[in-house]
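Quick note: the coordinates plus some simple rules give every number you see, no bench work behind them. Predicted, not measured: the structure shown is a model, and the values here were computed from it. Note: ideal-geometry Cβ built from the backbone for every residue, glycine included; neighbour counts use all protein chains shown.
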Amino acid sequence: MITVESVAKRYGDSVVVDDVSLEIPAGGITSIIGPNGAGKSTLLSIVSRLEPMSAGVVTVDGMDVSTTKSPILAKRLAILRQENHLTVRLSVRDLVAFGRFPHSQGRLTKDDVEFVDKALDYMGLTELQDRYIDELSGGQRQRAYVAMVICQDTDYVLLDEPLNNLDMKHSVNMMQHLRRIATELGKTILFVVHDINFASVYSDRMIAMRDGRVIVQGTPEEVMDSRKLAAIYDMYIPIHEIEGERLGIYYWSPALPTAAKLPADYRTEVQVHVSPDHPGEEAVPKTVAELSE
Ligand SMILES: Nc1ncnc2c1ncn2[C@@H]1O[C@H](COP(=O)(O)OP(=O)(O)OP(=O)(O)O)[C@@H](O)[C@H]1O
Ligand SMILES: [Mg+2]
């Protein structure tokens, strides 16, 4: 289990993570959603000790991350950062093998080699394994970094926007793979994603942040609610149930006519900006309740 107790992060006068307390149970997939600047990456970086916190305590299986020795933490928890820059020229295979370092200290055993082969295969990189990282497309490179993180075989896997740059097929493949390692191998996956529908379909729990705070958390069924999403994103997102999954159709929202489908009891004071009817007109702030009138 990961526990986050009253965690805060300040940069000068600005509070970017504001008194967050959470419990992320072992096993399963938890997604973190929320607008740009909500504090998602900062929270993930704090949990993995990439960033120091200004206040609070984080524990991973009871170990305080502030005091646990790095080699011990590295065997329990791995993280994919939102931005990854390599300063050395590595092949895909060498990058992925680097993920075995906490176990192998540089000398790969037969088991390590097997992990590397599997991770390359899962991420569809076997044929690209001898290419240099800087010779890959954006999505291929993203898959290589995720393979490196998965190769670490840690109980806790933190991924900051793992679907960045991926096409539809690779996004679905990656989510299905994460689902598999959570279900079959009992891994605990915590990932940040902007597409609320991937979060809804693949996670067991969702955490929604805004302005450094956790605004809503719960099962996808609980979080995928137009009212709650309006409070997070300032826009009206109609929810449709398709094949038992709750999906938010946000592409043209909050412009009408989707508002016509708002339930009669829909009431929230959250302001949304309705797209102007004619070019050149100002966007009009309205409450979601006004939209349904
Ligand atoms: N080094 C820094 N100094 C000052 N402010 C920072 C620093 N790093 C991040 N911030 C601010 O902290 C806030 C939270 O940033 P964070 O990267 O956690 O957001 P996020 O939710 O991951 O957003 P995104 O969806 O854009 O990745 C932002 O307002 C950002 O500008
Ligand atoms: Mg981020």
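Odds and ends about this structure:
- The range 8-79 versus the range 198-258: alpha-carbon centroid distance in Å: 23 Å
- For Ser66, distant residues with modelled amide H under 5 Å away: Val58
- The Cβ shell under 14 Å around Asp167 holds other residues with a net charge of +2, Lys and Arg each +1, Asp and Glu each -1.
- Sorted from greatest to least, the principal axis extents spanned by the alpha carbons of the range 49-96 come out as 38, 22, 14 Å.
- Largest GNM mean-square fluctuation among Pro102, Pro52, Pro71, using the chain with Cα springs under 10 Å: Pro71.
- Cα-Cα over 27 Å, subset of Lys75/Lys118; Lys40/Lys110; Lys9/Lys69; Lys187/Lys228: Lys40/Lys110; Lys187/Lys228
- Residue among Met123, Met168, Met148 with the largest mean-square fluctuation in a Gaussian network model of the chain, springs linking Cα atoms under 10 Å: Met168
- Size of the range 134-189: Rg and Dmax of its alpha carbons, in Å, are 11.3, 34.
- Short to long, the 5 Å bins of the Cα pair-distance histogram for the chain hold 1, 5, 11, 14, 16, 15, 13, 10, 7, 4, 2, 1, 0, 0 percent of all pairs.
- Amide H contacts under 5 Å for Met209, placed H, 5+ residues apart: Ile33, Gly34, Ile215
- Estimated D of the range 79-154 in µm² per second, where Rh is the Kirkwood radius over Cα pairs and Stokes-Einstein applies at 37 °C, 0.692 mPa s: 271 µm²/s
- Listing Phe98, Phe191 from fewest to most neighbouring C-beta atoms within 10 Å gives Phe98, Phe191.
- Pairs of Cα atoms farther than 19 Å apart, the range 121-263, %: 58 percent
- Couplings 3J(HN,Hα) of the range 168-185, computed from phi: 4, 5, 6, 5, 5, 4, 5, 5, 5, 5, 4, 4, 5, 6, 6, 6, 7, 9 Hz, in residue order, whole Hz [Karplus 6.51 cos²θ - 1.76 cosθ + 1.60, θ = phi - 60°; x for Gly and Pro].
- Each Lys and Arg adds +1 at its Cβ and each Asp and Glu adds -1 at its Cβ; summed about the Cα centre, the range 105-242 shows a dipole of about 220 debye.
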